[in-house]
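The structure appears right after this line, and notes come after that.
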Amino acid sequence: MIEVESLSKRFADRFAVDNLSFTVSPGEVLGFLGPNGAGKSTTMKMLTGFLTPTSGTARIMGFDIQEDPVAAKRCFGYLPEGAPGYGDMSVAQFLEFIADIRGLDGARRQARLDAVITDINLQDVQGQKLDTLSKGFRRRVGLAQAILHDPQVLILDEPTDGLDPNQKHEVRKLIQGMAKDKIIVISTHILEEVEAVCSRAMIIAHGKLLADDTPANLSAQTDSGRLTDYFHHITAGGLS
Amino acid sequence: MNPTRIIFQRELAAYFATPLAYIFIIIFLLLTGVFTFYLGNFFGRGQADLQSFFTFHPWLYLFLIPAIAMRIWSEERKAGTIELLLTLPVTMGQAVWGKFLAAWSFIAIALAGTLPIWITVNYLGEPDNGVILAAYIGSLLMAGAYLAVGICISAATKSQVIAFIVSLMVCFGFTLAGFPLVLDLFSAWLPDGVTRAIASLSFLTHFQAISKGVIDVRDLIYFLAFIAAWLYASAIVIELKKAD
């Protein structure tokens, strides 16, 4: 479970996230939608304990991210915006470092490393330094790092940004494959992605929750039946 | 394995993954050589000791250590890896100490490169090796103090140039805290006790005390407490500034 309780973040005089509450249960793939600057990344940064909320809190699998951060952080894998990684390390070294920090050892460590490298097709770049990778490969390494310890909760900030259509398709397949018993939260502004992988969509703008339903139900609220139109109406102020 | 140790290993390996480490070590050894033999007049003094070698350490560190420290957190913030690191299951203390210990060990490796000079002086005469050992320990502790200051300032800014210049100035102040150059700034308007307290923070005074061969517990505590205090401040600064 992810439980978010009246989470707010204020920067100077502006609320980036304004009193957001929701819960996500196992089996759900939640798509976080919103225009740029809506507060998607800020919310994810607070969920993962990188940013301290101005008020409110979040619990990951029952662990409060502020009171018991290390326990909460063990439960999730996180792909930050832009998929940062240590440029001076090779892909293999980087993933081994993450495996060690995640406390994987022995046979399980090797098995997870092998599985992730195969699943994400990183065999050919294992020895390459992160600095020399293309944007698409960097993103995939970021994804590999997030799923390495087979976490219960996955939080992915724009996981398919910068990937070509084939790679996007593969990442979506991967997410769908993991969706059964996990909790997955992804942020994106690609609406087709939400329709393809998400069982639930939340639209936020100016840090406020505007809509929360299945992608199909949201699309059904417009004449055209398209999620794009619903998104445009609600975030441009036409509906609501 | 302990997270501090994993971070320590990653960081230390990172120094040697780029030319940075080798260039730093070569320049450090070149400069110690130049200072010892030319400015310090190692041969001309006719004494079998390493005083002409250790005298220049504070001044070398003043420039070289801020150069090492300036990238430690500002690079992490620039590359965005700070978000990755601090959302892994590690505490802030583990991250700060792991990075500090890696940089400190790296400086220790550079310092170990000067051991031939110790061998040389033993070949030439009969130095007091206890004094030399004490001076090495003092030098390493002082390096740690410079490093801790540099790390804290590096945490406060994304700009490595600003981190370098400001660290250099702050370290300069601490190096000479016991001397009129710094004390005259304070003695005119601060009570005597405070001025004396500032004077007691001087790196130079504590380093010179240790390098005479007297390892006083108070000097050790001074350097270790100084390091711990600046690292504690670093953790607070990172917490405040990490998302900027």
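Listing for the model above:
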quantity: Failed condition for A:SER90, given (1) farther than 21 Å from A:ALA144 by Cβ; (2) in contact with a strand residue (DSSP E or B) (Cβ under 8 Å, 6 or more places away or on another chain); calculated: (1)
quantity: Residue within segment A:113-126 that is touching a residue at least 12 places away in the same chain (Cβ under 8 Å), at the interface with chain B (Cβ under 9 Å from one of its Cβ atoms) and outside any helix (DSSP H, G or I) present; calculated: no
quantity: Answer residue from segment B:1-51, given it is within 14 Å of chain A (Cβ to nearest Cβ) and outside any helix (DSSP H, G or I) and is modelled with the lowest pLDDT among those; calculated: B:MET1
quantity: The listed residue being within 15 Å of the chain's Cα centre (by Cα) and over 25 Å from B:VAL166 (Cα atoms), out of B:ALA108, B:ALA102, B:ALA112; calculated: B:ALA112
quantity: For B:LEU84: the one exception among (1) more than 22 Å from B:SER202 (Cβ to Cβ); (2) of a type in the set (A, V, I, L, M); (3) modelled with pLDDT of 90 or more; (4) within 19 Å of the chain's Cα centre (by Cα); calculated: (4)
quantity: Candidate set: segment A:75-84, residues that are crowded, with 20+ Cβ neighbours inside 10 Å and at the interface with chain B (Cβ under 7 Å from one of its Cβ atoms); chosen: the one farthest from A:THR188 (Cα to Cα); calculated: A:PRO84
quantity: Selection count, segment B:60-100, where residues are of a type outside the set (A, V, I, L, M), facing chain A (nearest Cβ under 7 Å) and part of a helix (DSSP H, G or I); calculated: 2
quantity: Cβ-Cβ under 6 Å pairs, at least 6 apart or on other chains, segment B:1-15 side aromatic (Phe, Trp, Tyr), far side modelled with pLDDT under 95; calculated: B:TYR15/B:ALA21
quantity: Enumeration of residues in segment B:71-86 that are surrounded by fewer than 21 Cβ atoms within 10 Å (Cβ to Cβ) and within 17 Å of B:TYR15 (Cα to Cα); calculated: B:ARG71, B:GLU75, B:ALA79, B:THR81
quantity: Residue within segment A:44-67 that is within 14 Å of chain B (Cβ to nearest Cβ) and among the acidic types (Asp, Glu) present; calculated: yes
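Conditions tested, residue by residue: (1) of a type in the set (A, V, I, L, M, F, W, C); (2) surrounded by 14 or more Cβ atoms within 10 Å (Cβ to Cβ); (3) in contact with a Ser or Thr (Cβ under 6 Å, 6 or more places away or on another chain).
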site	(1), (2), (3)
B:GLY173	no, yes, no
B:LEU176	yes, yes, no
B:PRO180	no, no, no
B:LEU185	yes, no, no
B:TRP189	yes, no, no
B:ASP192	no, no, no
B:LEU201	yes, yes, no
B:PHE207	yes, yes, no
B:ILE215	yes, yes, no
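The values are calculated or read from the model by the stated rules, or taken from the named source; none is laboratory data. Everything numeric in this text was worked out from a predicted model, so none of it was measured. Using ideal geometry, Cβ is built from the backbone for each residue, glycine included, and neighbour counts are taken over all protein chains shown.
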